[in-house]
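Chemist: Structure below; questions to follow.
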Amino acid sequence: MAQKLKLNLPSADDLFSTQEERDDAKLERVVDLPLSEVSGFPNHPFKVKMDAEMLELVESVREHGVLVPGLVRPKDGGYQMVAGHRRHLASELAERETMPFIIRNLTDDEATIIMVDSNLQREHILPSEKAFAYKMKLDAMKKQGKRTDLTSTPLAGKSRGKETAEIVGEALGDSKDQVRRYIKLTNLIPQLLEMVDNWATKEKGTMQIAMRPAVEISELSQELQLSLFNIIDTEKCTPSHDQAIRMKNDYDEGKGSLDAKGIAKIMEEEKPNQRVDNFKMPRDRIDKFFAPGTPAEKIEDTIIKALEYYQRMRERQRNEAR
């Protein structure tokens, strides 16, 4: 059977265009693309919030347009956003149909690294955002390392004498160990990870877990983390660093003694530096004032209203005595 001869014939475009035209076609340029043709980056770790800054951006886009182009790459017949998610949303809210973008051919790993780096320059970054961003960039760099000089040892590859984790954290001044700590946060259940974000923003009225105990808690199973969250939600208290270490040590392989009851026992201890101050009143002292089975929330509301009424009466008496 005769073997087919494969000929590398030039394309029609190559036949009927000059080398200068072909080179020019490869140059990046800014293009106005329909917003509907641009999809978001998958698993984008940075939150696009409807806050005051976004409202200001919407007004700016409405009046002046998008001044700094976004970055996209061709993907599945359309375009995938690499940088410019906030500008894209602002353009939609400003009722614009198009937005300027730079179109660039990028691999998945290249796009991930650029996406992370462009967003890490923001002024306010939540621990959850940094955690998933660091993980995505580290994974991408390790994949690239298989094709270059980087080794792919756990959480470390080498490039010019530096570990990959060290390179990842350089932009924000985080050490390789701090990068690893952030990445551990990705193992937290969403409810606990939100408390770490609350700690970073110091948002009043929220339950908060500091970074150090959160890293220890991330070593627990998802089931035990949920048990811990239920205790936090019920008792309105969060674990100290020492308590978190004890939970993690009890859970470590070879011990396995930690369960929901063990977590509850550790959490019952008094913590001098507890972030959320709690006031507890013995139930037997207040039960006589309420009908059996009254929900704790209703009891709390009634006591608060009674105290508010008492405070108003005291102020009235002081005013009358003047």
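The values are calculated or read from the model by the stated rules, or taken from the named source; none is laboratory data. As the structure is a prediction and not an experimental result, all values here were calculated from the model. Glycine also receives a Cβ, built like all others from the backbone with ideal geometry; neighbour counts cover every protein chain displayed.
Chemist: List the number of the failed condition for F41; all other conditions in (1) under 30 Å from R212 (Cα atoms); (2) modelled with pLDDT of 90 or more; (3) within 15 Å of the chain's Cα centre (by Cα); (4) buried (at least 17 other Cβ atoms within 10 Å of the Cβ) hold.
Modeler: (1)
Chemist: Which of (1) over 25 Å from E166 (Cα atoms); (2) surrounded by fewer than 19 Cβ atoms within 10 Å (Cβ to Cβ) does M247 not meet, given it meets every other one?
Modeler: Of everything listed in (1) over 25 Å from E166 (Cα atoms); (2) surrounded by fewer than 19 Cβ atoms within 10 Å (Cβ to Cβ), M247 misses just condition (2).
Chemist: Can you work out which of the residues in the range 104-134 that are among the β-branched types (V, I, T), surrounded by 16 or more Cβ atoms within 10 Å (Cβ to Cβ) and at pLDDT 90 or above is nearest to A52 (Cα to Cα)?
Modeler: Of everything passing the filter in the range 104-134, V116 is nearest to A52 (Cα to Cα).
Residue-wise test of (1) within 16 Å of R29 (Cβ to Cβ); (2) outside the structural domain of V116 (by TED's automatic domain parsing); (3) surrounded by fewer than 19 Cβ atoms within 10 Å (Cβ to Cβ); (4) modelled with pLDDT under 95.
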{"site": "P45", "(1), (2), (3), (4)": "no, yes, no, yes"}
{"site": "D51", "(1), (2), (3), (4)": "no, yes, yes, yes"}
{"site": "L55", "(1), (2), (3), (4)": "no, yes, yes, yes"}
{"site": "L67", "(1), (2), (3), (4)": "no, yes, yes, yes"}
{"site": "V72", "(1), (2), (3), (4)": "yes, yes, no, no"}
{"site": "G77", "(1), (2), (3), (4)": "no, yes, yes, yes"}
{"site": "S91", "(1), (2), (3), (4)": "no, yes, no, no"}
{"site": "P100", "(1), (2), (3), (4)": "yes, yes, yes, no"}
